[in-house]
Ligand code: GCU
């Protein structure tokens, strides 16, 4: 058996027990963090170090479709029998040269999987599979002169090691945010082979950590594209209303591959705006200008055609302009108090099950939310696909977007923090120009404690530095001060703009009637979004109102909930858990759950449960009389 020379020695005293892959990923995470912090140095430079903004506005070639795959539970394609990274792993796509050559894998005679798509819902035998699957895609690409080429992944769950033509491009950790690698000097006119090792194994130090109440769908869950740009191109930009203003646009642009300062034009032709700016020698420019614009809102989701142009590049985008802020316990959209009529959504595909990824699935889920009477959705518990956000922009639905800092992660682990910061940075980088997103959330149901508070404060500071135009929140802790009073005084409340709070009074906490005598208090003067509440029932399961799992019981939970919610003076938004039933490994109850969390107001087949109509009526009341939901 071949023994690679690099094992052992180099690690020496500095990182005694770290394997080379772990060492590399620690170094990559630290370098990315260092780069991000350098960028964070000045608010103006809130750009992401590598990510290309607005892929749909670029010249792209899709690599979606069938990919050859090798299932590799023992990571034989990556490690040798000494469990050391092998130099001759599957990323080499080796072929026997002679009849006596020993090659024990062959992508080209292996099975295929669809990309985009999780592997769990594509094959019965992969439903519970957690581990490594290798993906291979072959392609030819005649790259024109004076251009650059990148491979862009919209997401891969959870760790992706990416290789082109046998060369390592890099590794990405985090299952719900995009990443790209430059392949300009590696791509050939013909016979390219892109190989990705995707590993969705759960880890204690990861984000999320070992236990979640959603299915750990693995694979290349979202699209993969080749992105061709000019040698000097507009890599990133930000364009939004300046915080607190309704008629001043502020932003910046980062031109990549510059040798000197660049002329840039920001054009909003429909508004008669062409703003000329000059970058610095590094290709960065910041700008502000007055603009009389129709503001984006749920009632009028106005999007403008915007162009960012340089001497060599021109990028088009569709951008809405709106302001969002808090004033005391009011949430204020475009200067007017607003109540967020929301619902929570998991990125579960309606009807077919599995990770959703398409515009069509996004339209289905968001139109169900609109039909319910929503002007707001909480996309739980991780950044959803870009199609979902673009459709929310178009349909006029405000969005809460979240990173999967969920339940009890390792607060004192620096890698876990760097990982969470990286996911936050990528989430904000991808969607910073989307008017629908009004809230960045940094955590869900995380236990009180100093280490947790310090961890989350760092994320909040980062989010504020990366984007000062949106609100920051988290689904925080609350507690009983006596049998009838819930108190929200989580120390995290000090640092967020809006509270989120999850409560299951009537389901996990007592019976539905308990809500009738419950009062809610807080030590903060800030708005509350009840970010989760509800109960469970499979569609069509009927019986006495006192019997759990019946639609009647779930309906009753909601009736008592709505009456309680109306009595909370600082409530400014509601997000029942959840729009649609979704798969969860924590829900095995036969003939009731069957590995689905059945708290949906709608089944995974689009069937509306009785509780759906309780929320629909509440939201109708709020639309006809906005103060209906609130005690003055
Ligand atoms: C939690 C959690 C959700 C979970 C829900 C439930 O509050 O945030 O992820 O699915 O409760 O128990 O159904």
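General observations
- Considering the range 87-113, the residues that are touching a strand residue (DSSP E or B) at 6+ places or on another chain (Cβ under 6 Å) and surrounded by 19 or more Cβ atoms within 10 Å (Cβ to Cβ) include one that is farthest from residue 162 (Cα to Cα), namely 113.
- Cβ pairs under 8 Å, 6+ apart, first in the range 522-550 and without any contact (Cβ under 8 Å) to a residue 12 or more places away in the chain and more than 30 Å from residue 491 (Cα to Cα), second more than 14 Å from the ligand (Cβ to nearest atom) and assigned to a loop (DSSP other than H, G, I, E, B): 542/550; 543/550; 544/550
- Residue check for residue 545: away from the ligand (no atom under 11 Å from the Cβ) and farther than 23 Å from residue 345 by Cβ: yes
- Here the range 484-497 is the region considered, the condition is being more than 16 Å from the ligand (Cβ to nearest atom) and in contact with a strand residue (DSSP E or B) (Cβ under 8 Å, 6 or more places away or on another chain), and the residue that is farthest from residue 469 (Cα to Cα) is 484.
- For the range 289-305, the candidate set comprises residues that are touching a helix residue (DSSP H, G or I) at 6+ places or on another chain (Cβ under 9 Å) and outside any loop (DSSP other than H, G, I, E, B); within that set, the residue that is nearest to residue 369 (Cα to Cα) is 304.
- Lone qualifier among 506, 425, 500, 510 - being within 16 Å of the ligand (Cβ to nearest atom) and under 30 Å from residue 301 (Cβ atoms): 500
- Of residues in the range 335-355 being crowded, with 23+ Cβ neighbours inside 10 Å and out of contact with any helix residue (DSSP H, G or I) (no Cβ under 7 Å at 6 or more places or on another chain), the one farthest from residue 526 (Cα to Cα): 355
- Condition check for residue 451: assigned to a helix (DSSP H, G or I) and farther than 21 Å from residue 340 by Cα: yes
- Only listed residue being free of Cβ contacts under 8 Å to residues at least 60 places away in the same chain, within 18 Å of residue 575 (Cβ to Cβ) and either touching a helix residue (DSSP H, G or I) at 6+ places or on another chain (Cβ under 9 Å) or away from the ligand (no atom under 16 Å from the Cβ) (or both), chosen from 377, 442: 442
- Just one residue in the set 578, 529 is within 16 Å of the ligand (Cβ to nearest atom), closer than 28 Å to residue 355 by Cβ and assigned to a loop (DSSP other than H, G, I, E, B); that residue is 578.
- Checklist (1) closer than 30 Å to residue 339 by Cα; (2) surrounded by 13 or more Cβ atoms within 10 Å (Cβ to Cβ); (3) more than 29 Å from the chain's Cα centre (by Cα) applied to residue 290, failing item: (2)
- Residue within the range 404-415 that is assigned to a helix (DSSP H, G or I) and surrounded by fewer than 23 Cβ atoms within 10 Å (Cβ to Cβ) present: yes
- Matching residues, the range 454-483, being surrounded by 16 or more Cβ atoms within 10 Å (Cβ to Cβ), free of Cβ contacts under 8 Å to residues at least 60 places away in the same chain, more than 16 Å from the ligand (Cβ to nearest atom) and in a strand (DSSP E or B): 472
- Qualifying residue in the range 552-569 (condition: farther than 21 Å from residue 365 by Cβ, within 16 Å of the ligand (Cβ to nearest atom) and touching a strand residue (DSSP E or B) at 6+ places or on another chain (Cβ under 8 Å)): yes
- Residue match in the range 608-631 (condition: more than 14 Å from the ligand (Cβ to nearest atom) and in a strand (DSSP E or B)): yes
- Number of residues in the range 587-597 that are under 17 Å from residue 534 (Cα atoms) and in contact with a strand residue (DSSP E or B) (Cβ under 9 Å, 6 or more places away or on another chain) equals 3.
Here, each number is a calculation from the coordinates, and none is a lab measurement. Since this is a predicted model, take the numbers as computed values, not measurements. So basically every Cβ, Gly included, is an ideal-geometry build from the backbone, and we count neighbours across all protein chains shown.
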